[in-house]
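Data first, discussion second: the structure below is written as structure tokens.
The values are calculated or read from the model by the stated rules, or taken from the named source; none is laboratory data. Please read all numbers here as calculations on a predicted model, not as lab measurements. Here the Cβ positions follow ideal geometry from the backbone for every residue, glycine too, while neighbour counts run over all protein chains shown. Remember, those area values only see protein heavy atoms, side chains included, never the ligands or the DNA or RNA. Shrake-Rupley method; radii C 1.70, N 1.55, O 1.52, S 1.80 Å.
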Amino acid sequence: QVQLVESGGGLVQPGGSLRLSCAASGIIFRLYNMEWYRQAPGKQRELVASISRGGSTKYGDSVNGRFTISRDNAKNTVYLQMNSLKPEDTAVYYCNALFLPTMSSSQNYWGQGTQATVSS
């Protein structure tokens, strides 16, 4: 079965850093685009960052310049390095694995989420 195991969430002060990890199993990891989403209370789920199976990265406007997404295919793991954290970054962060075998089909798997809280 497919499993995404997230870690690295926690409580940090404004200006601090967190490094989130998402380890995948049950998929051919190198074939999947990997994404980080977040959802704050009362807000819609927001795409934070993505990295393609070829290594191309994209970021949401609110985190561009502060967050970095990376992947290690040998470890089947995607990371999100979060620096210069702000209280508005507080959210549950979710990992998503997305496979696009054809132009008209897709396959994706979600992690359970990990809480990141930025507060003094």
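A few remarks follow.
- Assigned charges on the beta-carbon of Lys, Arg, Asp, Glu; the range 37-120 dipole about Cα centre (debye): 120
- Straight Cα distances below 18 angstrom link Lys86 to the aspartates and glutamates Glu46, Asp61, with same-chain residues fewer than 8 positions distant left out.
- Just the protein heavy atoms count here, and of the accessible area of the range 1-65 at 1.4 Å, carbon and sulfur take up 45 percent.
- Ser106-Asp72 FRET efficiency (beta carbon distance; Förster radius 22 Å; 0.05 resolution): 0.40
- Residue-normalised accessible area of the chain, expressed per residue, 1.4 Å probe, Å²: 55
- Whole-percent carbon and sulfur share, accessible surface of the range 76-120, 1.4 Å: 49
- Cα shape, the range 68-120, gyration tensor, a/c 1.5 rule: prolate
- Accessible-area ranking of Trp36, Trp110, largest first, probe 1.4 Å: Trp110, Trp36
- Dipole of the chain [Lys/Arg +1, Asp/Glu -1 at C-beta], most positive-end residue of Ser25, Val48, Leu80: Ser25
- At 0.890 mPa s and 25 °C, Stokes diffusion of the range 1-64 via Kirkwood alpha-carbon radius, µm² per second: 180
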